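The values are calculated or read from the model by the stated rules, or taken from the named source; none is laboratory data. The structure displayed is predicted, hence computed values, not measured ones. Cβ sites come from the backbone with ideal geometry, for glycine too, and all protein chains shown count toward neighbours. Only protein heavy atoms, including side chains, enter the accessible area calculation; ligands, DNA and RNA are left aside. Shrake-Rupley method; radii C 1.70, N 1.55, O 1.52, S 1.80 Å.
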Amino acid sequence: MQKVFTDAASALEGLLFDDMTIMAGGFGLCGIPENLIMALHDSGTTGITAISNNAGVDDWGLGLLLQTRQIKKMISSYVGENKEFERQYLSGELELEFNPQGTLAERCRAGGAGIPAFYTKTGVGTLVAEGKEHKDFNGETYIMETGLVADVSLVKAWKGDTEGNLIYRKTARNFNPMMATAGKVTVAEVEELVEPGVLDPDHIHTPGIFVQRIIVGQHEKRIEQRTTRPRPATADA
Amino acid sequence: MAWTREQMAERAAQELRDGFYVNLGIGIPTLVANFIPEGMHVTLQSENGMLGMGPFPYEGEEDPDLINAGKQTITELPQTSYFSSADSFGMVRGGHIDLSILGAMQVAQNGDLANWMIPGKMVKGMGGAMDLVAGVKRVVVIMDHNARDGSPKLLKACDLPLTGQGVVDMIISDVGVFEIKEGRLTLIQLAPDVTVEDVKERTEADFTIAEGL
């Protein structure tokens, strides 16, 4: 068993086919699998259903696959940062399913945990509830949401080992841990790959059982909204 | 004189209590963080996966792995913890967050909230708003009392698609403060030099007026 691949393209070899379902971790551009998305773009795979909280920006992240019309449908909670997305959606070229963010996260978690469906009060009485089973528990109404699985999940972690154990960093964790569990095959890209035993077993976020392939990536880590505060004036200035 | 954005945020800060875990929405609600009373311990949650949100970083210290739900660079505090989006919305849906302060396009007198979609216009998505209003213990809306064209935003019933049904507990607008209890709307405070008559004129919703106003 060899989980480590030399680059993103070889890590995706044999996994991709047209009309497949892909999960991609990340919140905005934070914690997205940049290298694997680029390799998916270069593969020319089309008809993709992409499950991802956002759709990248015009020229980065999943936005790259929108430019080349490789994505047929998006399942997301918020897509406001992408003009090409808007154009394709309004012209009917792109299907879109909005999920509340917590529902999307839970659908991925459920899918990975072998739970086909669950009830939530999120979205009751809204468009999201239309056509869904309603059920009362303890006097409150809930709607049924189904678990999600993907043919391939693409995730980004900070550190990983050759067994596929992963540790995420700060808010770059976001959707990556659940999506790692919900892929029939999960491919991870990390900033630093180490031998087993280097990472503290108590600090592992995603156990290696969920990760079939792993690569070291080069990460540009673009910032969407660079926001700062002024430094206080120094006393000796 | 009607309240400014800062004054609305300052008024909203009066709803904070020591020990509260709070989620602040994008826009005016974010300003509430600037008015947390001295000595009060309030922990801010960012629904992408963080408790204990610190201020914006100094220039040159931005970390692309550390952003808030508005995708802005932020900083951590000594008490900060990070977690997945599933854990984050477990906190939200599970009723562990004390207070959510957010913006609105429309609020109805029964507490219905619309803040994510205008039919016919590009829809950006609800993000975490539906989860927050369904799960957080108390929901406070900060909004301009009227839309840019002067039309009322506090209505008998929302005509925009809902974010949540009967979820709003308080509305702070530039003209005053309303409370919704058991599906009934009450005006409980007026901004300086605003009269009850002014508010009535600018509101479509039916509301009662608290004693002493």
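Points worth noting:
- The listed residues are B:M50, B:M105, and the only one of them that is under 19 Å from B:D131 (Cβ atoms), open to solvent by 50 Å² or more (accessible area, probe 1.4 Å) and in contact with a strand residue (DSSP E or B) (Cβ under 6 Å, 6 or more places away or on another chain) turns out to be B:M105.
- Residue in the range A:58-71 that is open to solvent by 10 Å² or more (accessible area, probe 1.4 Å), at pLDDT 95 or above and at positive phi present: yes
- Those residues of the range B:19-53 which are touching a residue at least 60 places away in the same chain (Cβ under 8 Å), more than 14 Å from chain A (Cβ to nearest Cβ) and closer than 26 Å to B:G176 by Cβ, in sequence order: B:F20, B:V22, B:L24, B:I28, B:P29, B:V32
- Remark: pairs (first residue in the range B:7-18, at negative phi; second residue among the basic types (K, R); Cβ separation under 9 Å; 6+ apart in sequence or on different chains) = B:E15/B:R138.
- Those strands (runs of 3 or more DSSP E) of the range B:1-56 in which 2 or more residues are among the aliphatic types (A, V, I, L, M) occupy B:21-24, B:50-53.
- Every residue from the range B:75-116 that is touching a residue at least 24 places away in the same chain (Cβ under 8 Å), over 30 Å from A:A182 (Cα atoms) and assigned to a loop (DSSP other than H, G, I, E, B): B:D98, B:G103, B:A104, B:M105, B:Q109, B:N110, B:G111, B:D112, B:N115
- Among residues of the range A:208-237 that are facing chain B (nearest Cβ under 8 Å), those with a beta-carbon under 7 Å from a residue that is of a type in the set (K, R) at least six positions away or on a different chain give the pairs A:E224/B:K71; A:Q225/B:K71.
- Some residue of the range B:180-201 being within 14 Å of another protein chain (Cβ to nearest Cβ), open to solvent by less than 10 Å² (accessible area, probe 1.4 Å), touching a Gly at 6+ places or on another chain (Cβ under 9 Å) and of a type in the set (G, A, S): no
- Residues of the range B:122-137 classified as at the interface with chain A (Cβ under 10 Å from one of its Cβ atoms) and open to solvent by 40 Å² or more (accessible area, probe 1.4 Å), total: 2
- Only a single criterion out of (1) open to solvent by 30 Å² or more (accessible area, probe 1.4 Å); (2) touching a residue at least 24 places away in the same chain (Cβ under 8 Å) is not satisfied by B:R148, namely (2).
So that you can scan it fast, the table gives a plain yes or no per residue for (1) at the interface with chain B (Cβ under 9 Å from one of its Cβ atoms); (2) open to solvent by 10 Å² or more (accessible area, probe 1.4 Å); (3) polar (S, T, N, Q):
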residue	(1), (2), (3)
A:A8	no, yes, no
A:I22	no, no, no
A:I51	no, no, no
A:S77	yes, no, yes
A:Q88	no, no, yes
A:A105	yes, no, no
A:R109	yes, yes, no
